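The structure appears below as structure tokens.
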Amino acid sequence: MKQLAGVVLALAMSAVVAQSAAVAPVVEPNANLHIEGIPPIPQSLAARVGGYSDFRGHGFADWHPARREMLVSHRAAGSNVAQLFVLTKPGGAPERLTDFPEPIFGGSFDPRGGRFVIYSRDTGGNEAARIYRLDLDSRASTLLSDPDARSGVLWNEAGTHLLIASVPLDRTAQGGRRDQIGITLALVDPVKPQDRRVLTELPGTGWFAFKFSPDDKFLVGLRYVSATESEVWRVDAASGKRERLLPAADKTRASYSGFDFSPDGSRLYLTTTERSEFDQLAEYRFDTRALRFFATDVPWDVDSFALSEDGRKLAAVFNVDGRDELRLFDPESGRELARPKIPAGQISGLRWHEKRVNEFAFTLNSPQSPATIFSVDSASGAVQRWTTADTAGVDPASFRDAEIVRWKSFDGRTISGVLTMPPPRFTGPRPVLVAIHGGPEAQATVSFNNRFNYLINELGVALLEPNVRGSSGYGKTFLDLDNGVKREDSVKDIGALLDWIATDPRLDAKRVMVQGGSYGGYMVLASLVHYSDRLRGGIDVVGISDFVSFLGNTESYRRDIRRAEYGDERDPAVRAVLDRISPLANAGKIRAPLLVVHGKNDPRVPVSEAEQIVHEVRANGTPVWYLMADNEGHGFARKPNADYYFYSMVAFIERFLLGE
């Protein structure tokens, strides 16, 4: 009887445990999320992730034209998206200016007194940016651009008019597609939006980086051909007539970027690869039409630069193997003046104050902190922190620094990556998440790991971010190594990386997973096609699954630019290669579990790229988790959506990478 009673009691306890498990609280996805195959996410998982999902930094947008104040982008506590704020002093409390359901990442003050702010906003991540004026007294917004176009904006030097560059969208075209497309440049009075004059129509869509001359008589702009080829053009502000300035000869193939005029308008400062593998600082003289190079002692790219308002100092950011170095130069002589002592990290948004001519500001992103704003007094060398990021109770000292690692690929070429190891308390060979950047003309750098810090600090996962061939930062030859029909050579770099992982005793080659977004999503799928037997799974975020369908469905304003990178699918020989290497065509080889994440409104990589790969891989019987947000575009900008994606990612990693 006692034995029977014990059995009955055990059965009863099992029933109670089963019932408790059945009613364990779960995270309810919001109404904008479409979920397939993802198991319920326990509230306990969300609780474990905790503060790792709530890091909140600050991005520098603009200086006030007269006062020592700045416009910043920030996601406030309790908010879901970034908005604009005014910061009146270092360490002060930001004053909120906007409160929209859509994110606002940047803007600019009215240059003639800071009476209003100009900003852009899209809808649901569709990137159809519209330009608005925000009156600071009433906080009312006025639309300044064509509501049916994607627009960018630039102030003229007098601060009286805006240059609005607009490109039409496919959804406004007959049949939902445009085969011929151009960009309209218009001058608009922001106070009287009806005062609008079309300056010119530019053919094609690769026109960027416009800059007015100091007297506003002309502007220069960049015509982008590919990542390693572009042109500099001058446009007359009265007639709209244009002429090419660079390259001086048709046979020259180089890239140009980052325009800034000398105060007298006689010279144009820029970066170019015309005489180097890397982007170098140069000065273009309009009278002689000649380039003068300086700061050529660093064999790395100048990622960005800014000229002081008086033209006496130039601040430049050098990308040295994924780590940024800030240097000051005398633009007249090219002589280096100083190297400000700032914390290590990635620098962006560099800009000098118009009145305080010795001070410039920037955003710094480091392994130990989310985006933080600093300013530098170039006369005294003093560095001042303006903001402190909120790390939601997570100790910044716990954030791990990174190291640069290198391996040999199939052709003997050296490939590098950024490796972040877990804390020492995790012993033995560590499981690895290989996170592949997008672009492909981008670079993994030593920077803040955001939510990935949870995987590193709490789950003991090593994060390895490779810079496969085709990545920027390693010279224009390296940048072109994956173009067109050479696409799968970059995938072979991942195969060589898997070989290298097996040689490092700190890493577990039997527990490796790949993750990536956009082009990185393609790399995830291609890696699973070739190396499913060596991978525990893959996480494809807004990724390309078939280059032919992608090129046919991406927005027209991007199509020709992407053909320069991936190949022209209208060429039968190129199309045959793209068809052959397509992950969609090879979906039967994907045998490792897959998590696919996409935004319904993505104009770059249409959601159909996700839907078709999910369908085909499922047909194999391979586990596929699918998450789609109907209010997102090329990535998740809203916190509730980003949170659920990360919870799903953690669950996927715990089951397929860390599980037995």
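Applying the Karplus relation 6.51 cos²θ - 1.76 cosθ + 1.60 with θ = phi - 60° to segment 296-304 yields 3J(HN,Hα) values of 8, 7, 9, x, 9, 6, 8, 6, 7 Hz, where x marks Gly and Pro.
Principal axis extents of the Cα atoms in segment 241-304, from largest to smallest and rounded to whole angstrom, are 36, 30, 18. Note that segment 521-526 has calculated 3J(HN,Hα) couplings of x, 4, 4, 4, 5, 5 Hz, one per residue in order, obtained from phi through the Karplus relation 6.51 cos²θ - 1.76 cosθ + 1.60 (θ = phi - 60°); glycine and proline are x. Here the Karplus curve 6.51 cos²θ - 1.76 cosθ + 1.60, taken at θ = phi - 60°, turns the phi angles of segment 491-503 into couplings of 5, 5, 4, 6, x, 5, 5, 4, 5, 5, 4, 5, 8 Hz, with x standing for Gly and Pro. The rule of thumb for compact globular proteins, 2.2 N^0.38 Å, goes into the C-alpha radius of gyration of segment 351-442 1.55 times.
Relative contact order of the chain, taken over Cα pairs closer than 8 Å and 6 or more residues apart, is 11 percent. One chain, two ends: residue 140 and residue 580. Fully extended at 0.36 nm per residue, the span grows by 153.0 nm beyond their Cα-Cα distance. Taking the helices alone, the chain has a mean residue ellipticity at 222 nm of -5500 deg cm²/dmol, built from -39,500 (n - 2.57) per DSSP H run of at least 4 residues and averaged over all its residues. In the distance distribution for segment 552-660, Cα-Cα pairs more than 19 Å apart total 57 percent.
Protection proxy ranking of 313-319, 134-140, by the mean of other Cβ atoms within 10 Å over each peptide's residues and highest first, is 313-319, 134-140. Here the accessible area of the chain is 50 percent carbon and sulfur, with a 1.4 angstrom probe and all protein chains present.
Each Lys or Arg adds one and each Asp or Glu subtracts one; over the other residues with Cβ under 10 Å from the Cβ of residue 659, this totals +1.
With viscosity 1.002 mPa s and temperature 20 °C, the Kirkwood radius over alpha carbon pairs of segment 211-320 converts through Stokes-Einstein to a diffusion coefficient of 150 µm²/s. Calculated FRET efficiency, residue 264 and residue 377, Cβ-Cβ r, R0 30 Å, to nearest 0.05? FRET efficiency, residue 264 to residue 377: 0.75.
Considering all C-alpha pairs of segment 592-654, those separated by over 17 Å amount to 42%. Less than 11 Å Cβ to Cβ from residue 508, Lys/Arg counted +1 and Asp/Glu -1: what total charge do the surrounding residues give? Local net charge: +4. Fraction of C-alpha pairs exceeding 14 angstrom in segment 69-118: 49 percent, rounded to a whole number.
FRET efficiency for the pair residue 179 and residue 99, taken as 1/(1 + (r/R0)^6) with r the Cβ-Cβ distance and R0 = 30 Å, rounds to 0.15. Checking the cross-link filter: which lysines have an alpha carbon closer than 22 Å to that of residue 217, excluding same-chain neighbours under 8 positions apart? The reachable lysines, counting only those whose Cα sits under 22 Å from residue 217, are 192, 241. Heavy-atom accessible surface of segment 70-224, averaged per residue, reaches 43 Å², computed with a 1.4 Å probe. Inter-label distance, residue 486 to residue 288: 3.5 nm, where each label sits 7 Å from its Cα along the C-beta direction. Between the labelled values (1) -0.35, -0.48, -0.63; (2) -0.54, -0.65, -0.74; (3) -0.45, -0.59, -0.73, the entry that holds log10 I(q)/I(0) by the Debye sum over Cα atoms at q = 0.06, 0.07, 0.08 Å⁻¹ as derived from this structure is (1).
In segment 287-332, the C-alpha radius of gyration followed by the widest Cα-Cα span (Dmax) gives 11.9, 37 angstrom.
Do any trypsin sites (Lys or Arg not before Pro) in segment 76-118 lie in a DSSP loop with no more than 15 other beta carbon atoms within 10 Å, and if so, which? Counting only loop positions with at most 15 other Cβ atoms within 10 Å, the trypsin sites (Lys or Arg not before Pro) in segment 76-118 are 112, 115.
Work out the FRET efficiency for residue 160 and residue 30 from their Cβ-Cβ distance, taking R0 = 45 Å, and round it to the nearest 0.05.
0.50
Cross-link reach is defined here as a Cα-Cα straight distance under 16 Å, omitting same-chain residues fewer than 8 places apart; for residue 89 the aspartates and glutamates meeting it are 62, 69, 359, 377.
Electrostatic tally near residue 565: other residues with Cβ closer than 10 Å to its Cβ, Lys and Arg +1, Asp and Glu -1, net 0.
List the residues of segment 616-646 whose backbone N lies under 17 Å from a point placed 7 Å from the Cα of residue 123 along the Cα-to-Cβ direction. Under cut-off, by backbone N: 630-634.
Heavy atoms of the protein chains alone define the surface here; on that basis segment 476-572 has 30 Å² accessible area per residue at 1.4 Å probe size. Solvent-free Debye calculation, one equal scatterer per alpha-carbon of segment 90-241: log10 I(q)/I(0) at 0.21 Å⁻¹ equals -1.44. Straight-distance candidates among the lysines for linking to residue 510, with alpha-carbon spacing under 26 Å and chain neighbours fewer than 8 residues away dropped: 408, 492, 589. The fraction of all Cα pairs in segment 446-488 landing in successive 10 Å bins from 0 to the largest distance is 25, 32, 25, 18, 0, given as whole percents.
The values are calculated or read from the model by the stated rules, or taken from the named source; none is laboratory data. Since the structure is predicted, the reported quantities are computational estimates derived from the model, not experimental observations. Positions of Cβ are backbone-derived with ideal geometry, glycine not excepted, and every protein chain shown enters the neighbour counts. Accessible surface is based on the protein model in full, side chains and every heavy atom, while ligands, DNA and RNA are left aside. Shrake-Rupley method; radii C 1.70, N 1.55, O 1.52, S 1.80 Å.
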